[in-house]
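Okay, structure first, notes after.
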Number of protein chains: 2
Amino acid sequence: MPESFHVVQESEHNALVEAAYRHRGYQPDEARDAARFCAEAARHGIRTHNAIKALHLDHLFGSGSHGCVPGAEIEELPSRFPASQVWNANRKLGQSVAYRAMERCIELADRHGIGQVSVDNAFHYLWGGGYVMDAARRGYIAYTNCTAALAEVVPFMGKFPTLGTNPHSWGFPTTNIIGYPLVIDWATSVVAMGRVQQFKREGKPLPPNAAVDENGQPTTDASKAVALLPFGAHKGYGLSLINELVGGLIGGSLPTLRSRWADDGDKHTPCFYFQVIHPEALAGGNFTKGRSQEENLKAVLDDVFGHGNESCVLPGQFEARFAAECAQHGGLLFSRAEINAFNEIATECGASTWDPANMKQVEV
Amino acid sequence: MPESFHVVQESEHNALVEAAYRHRGYQPDEARDAARFCAEAARHGIRTHNAIKALHLDHLFGSGSHGCVPGAEIEELPSRFPASQVWNANRKLGQSVAYRAMERCIELADRHGIGQVSVDNAFHYLWGGGYVMDAARRGYIAYTNCTAALAEVVPFMGKFPTLGTNPHSWGFPTTNIIGYPLVIDWATSVVAMGRVQQFKREGKPLPPNAAVDENGQPTTDASKAVALLPFGAHKGYGLSLINELVGGLIGGSLPTLRSRWADDGDKHTPCFYFQVIHPEALAGGNFTKGRSQEENLKAVLDDVFGHGNESCVLPGQFEARFAAECAQHGGLLFSRAEINAFNEIATECGASTWDPANMKQVEV
């Protein structure tokens, strides 16, 4: 069903987001990174992680709490491993850290074929898909995971939430083949807690095995749900556990302490992990029928999505379609409710509000 | 419910498996690698990928078909990337290739913090969990994926099987903490085709959304199931697609041609991908409360599996328990049906058969 959107110039969006971040004490370069990232999220239809969510998270867990420190400097720790770096982010804005870490991974992959950057004392980076999409568009295979802000997910066969929704994001350089990068990007819970709250408001049942009640029993009653379950039973549980293992090895806090700030001398920070592979470092050079590496990848995709599978949705296709709509309409697309939320942000930081009556409206 | 097993000395098992591989034309070192791997699978209760399955697969797709070439030499291709290697396995026995590739990844990780080996023209390596478990026991973080032999899985929202069951395997060095390595290891389909056939024989219904009928519609009727579905809807589908993307970039065949040998001048081989990370390359050095890296990881695991989650099964726990039973009983444990299958193998290669009457029996 088509939905009605207002068209906002990207420059206007970015100016407001930068002003909001500056108002909260962030440095100009941090505010620019934040705005750039929010524009990417909005452009790709990631409405759960656009500027409205970013600024809300910053209020709850970031500069409004103790989780994020405007103007913090990243400390690059010494490493004896040339393809690996570890950074202490000192709770710098997640988007600024993630953009730089992915950039460094690309440099390492250019030299070593593969490179990794681990980040301790991190803050939320919002949408891992955005960083891997960016690297994939530039021709790289990129991966990131992080420990999510809160422990909201119950381990398989457990009772109490001790895992984050712990997302994984992979990007593949397929732009020359299908017009956009394939981006595989999701949390390891069946649904997000925000979805549970939405379904509670709307009186709708949850999918089975998505949440548990206060006794740790699975429930489809959103009003009784207090914690989430991993997707795919033991398989999604294993994927969620990976982020806790990687985070624990980097130096992250106990999952149940994460983002729950207290003056207890303990750590409360999540971790990020980034990895980039140069596609040429995978190429066996023995592509059948004289194909190039890219032609072989195209032939594989044509095979997977042939044979009656032509209507499958590819991971990243929705995001690419939304970006095409934005390009066609000449701006970022926001609903009326989102415009109202932006106007609250404008009021908070003393910027001028947007008048929906003066904005182009489109159906998408 | 306890099950009855016969205890087979590992040396006796390995001698028979080596003889069987030698009989099929494999070199002594290949036969040793095959036996070592089969013993590892049996020791860890991986009954779907023990020697019986290994030799059956070799018959169907390996030396009995065109998929595997006894005595083939691995060709290490030139690479300009110091942390990355690509090998042309020339269809050498999968277990021999995988052991060597994981060994090389460890060497690369020792130098660079992370290392990867991609393998073109591969043959089946059976159970990825075995290789990552081995590396994790030695203190490394290890990962492998491969393109499964046949395209048996229908992409999300598709109709025709064009993806392999495409497994992923991760191992983490937790032996000092919990007594065994955490191993997260599974295929990306809900069930294997072998399970569908078993349920068909037994007249049992399949789990929902595990398989499709000839029209591409989901069915729980095992007798109508012709292809599999990924676990976790679009999430497992994305994970399955990753292996096809990596395989396609390495040089693998089209999924629907894989292991379906024909003199068509095309490729029919799967690919392997291996990656090892040195845990020190992740360490931020800022572990709270004076903990070491390992102590911090232990604290994270204690947190995840505390709070009422003490009865959760950890990934790798079942395998570790089975190995403990084998150690306690002084040998590898096989059911009567498995002993019969080994005796068929012995007859095939002219070795002496095992007499169940003379074997120690245990309940596990």
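The values are calculated or read from the model by the stated rules, or taken from the named source; none is laboratory data. As the structure is a computational prediction, the values presented were derived from the model and not from experiment. Methodologically, a virtual Cβ is constructed for each residue, glycine included, from the backbone with ideal geometry; neighbour enumeration extends over all protein chains shown.
When you go through B:E30, B:E10 one by one, which is the residue that is over 30 Å from A:R111 (Cα atoms), surrounded by fewer than 21 Cβ atoms within 10 Å (Cβ to Cβ) and in contact (Cβ under 8 Å) with a residue 60 or more places away in the chain? Break it down stepwise before answering.
Numbers: B:E30 fails: surrounded by fewer than 21 Cβ atoms within 10 Å (Cβ to Cβ).
On inspection, the qualifying residue turns out to be B:E10.
If you take the residues of the stretch B:156-167 that are in contact with a helix residue (DSSP H, G or I) (Cβ under 7 Å, 6 or more places away or on another chain) and surrounded by fewer than 24 Cβ atoms within 10 Å (Cβ to Cβ), which of them is farthest from the other protein chains (Cβ to nearest Cβ)? Across the stretch B:156-167, the extreme among qualifying residues is B:P167. In the stretch A:281-302, the residue that is nearest to the other protein chains (Cβ to nearest Cβ) out of those that are free of Cβ contacts under 8 Å to residues at least 24 places away in the same chain and of a type in the set (D, E) is A:D302.
Considering B:F318, B:F342, B:F334, B:F305, the condition of being within 25 Å of the chain's Cα centre (by Cα), aromatic (F, W, Y) and either surrounded by fewer than 18 Cβ atoms within 10 Å (Cβ to Cβ) or within 14 Å of chain A (Cβ to nearest Cβ) (or both) is satisfied by B:F318 alone. The criterion of at least 2 residues that are among the aliphatic types (A, V, I, L, M) and farther than 19 Å from A:V183 by Cβ is met by the following helices (runs of 4 or more DSSP H) wholly inside the stretch A:47-143: A:51-61, A:94-112.
Name the residue that is nearest to A:Q116 (Cα to Cα), counting only residues in the stretch A:158-211 that are of a type in the set (S, T, N, Q) and assigned to a loop (DSSP other than H, G, I, E, B). So, considering only residues that are of a type in the set (S, T, N, Q) and assigned to a loop (DSSP other than H, G, I, E, B), the one nearest to A:Q116 (Cα to Cα) is A:N166.
Only one of the listed residues (B:L57, B:L93, B:L108) is crowded, with 23+ Cβ neighbours inside 10 Å, away from every other protein chain (no Cβ under 14 Å) and either closer than 26 Å to B:A341 by Cα or out of contact with any helix residue (DSSP H, G or I) (no Cβ under 6 Å at 6 or more places or on another chain) (or both). That residue is B:L93.
Here B:A41, B:A31, B:A15 are screened, and the one residue that is in a helix (DSSP H, G or I) and touching a Gly at 6+ places or on another chain (Cβ under 9 Å) is B:A41. Please verify whether the stretch A:53-63 includes one or more residues that are modelled with pLDDT of 95 or more and in contact with a strand residue (DSSP E or B) (Cβ under 9 Å, 6 or more places away or on another chain). Scanning the stretch A:53-63, I find no residue that is modelled with pLDDT of 95 or more and in contact with a strand residue (DSSP E or B) (Cβ under 9 Å, 6 or more places away or on another chain), so the answer is no. Evaluating A:S79 against the criteria (1) within 14 Å of chain B (Cβ to nearest Cβ); (2) out of contact with any strand residue (DSSP E or B) (no Cβ under 7 Å at 6 or more places or on another chain); (3) of a type in the set (S, T, N, Q) leaves one unmet condition, (2).
Which residues, counting only those in the stretch A:254-276, are facing chain B (nearest Cβ under 7 Å) and either over 18 Å from B:N296 (Cβ atoms) or in contact (Cβ under 8 Å) with a residue 40 or more places away in the chain (or both)? Within the stretch A:254-276, A:P255, A:T256, A:K267 qualify. Within the stretch B:212-269, the set of residues being of a type in the set (D, E, K, R), outside any loop (DSSP other than H, G, I, E, B) and over 28 Å from B:D58 (Cβ atoms) comprises B:D221, B:K235. Just one of the listed residues (A:C326, A:C312) is within 9 Å of another protein chain (Cβ to nearest Cβ) and either surrounded by fewer than 19 Cβ atoms within 10 Å (Cβ to Cβ) or at pLDDT 95 or above (or both), namely A:C312.
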